[in-house]
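Beneath this line is the structure, given in structure tokens, with notes to follow.
Coordinate-derived values only; no laboratory data. Quantities reported herein were computed from a predicted structural model and do not represent experimental measurements. Here Cβ is always computed from backbone atoms with ideal geometry, including for glycine, and neighbour counts include all displayed protein chains.
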Amino acid sequence: MIIDFSISPFGKGESLSRYVAEAYKIIEDSGLTHEFHAMGTNIEGEWDEVMSVIKACRDRILEMAGRVSISIRIDDRKGVSDALSRKVRAAKEEMR
């Protein structure tokens with residue numbers, strides 16, 4: 001499963017890098033395959049693993065901000081592993 005998610009606190013101004021850094025530490029410490037990008041983070045893993053990471057990020061940002069918005073998109077394909085790098089590689093090959 002690949003998820004793409006973003007998490008943002010409400011009412012904390014325009015600069016969110018402090019909150020992004022806190023969430024990223026949690027993602028990094030999870031040991032799951034992930035890819036950080038300008039609008040969020042992709043994480044690959046099993047349902048319970050990925051949702052546990054999202055919950056930990058939510059809990060941490062709620063401690064800091066009191067209110068949080070989370071957007072999640074999920075690509076869940078049975079029997080597929082290493083999908084994150086495989087999807088990117090396949091798209092790049094089509095661009096040649």
Among the lysines, which fall within straight-line cross-link reach of K25, defined as a Cα-Cα distance under 27 Å, with same-chain neighbours fewer than 8 residues apart omitted? K12, K55, K87
Quick check: pseudo-label points 7 Å beyond the Cα along Cα→Cβ at R58 and E14, how many nm apart are they? 3.0
Give me the percent relative contact order of the chain, please, defined on Cα pairs under 8 angstrom at least 6 residues apart. 44
Students often get this wrong, so try it: which of (1) 43, 30, 20; (2) 32, 26, 18; (3) 45, 26, 26 is Cα extents along the principal axes in Å as calculated from the structure shown? (1)
Restricting to lysines and to Cα separations under 16 Å from K92, and discarding same-chain partners fewer than 8 apart, the set is none
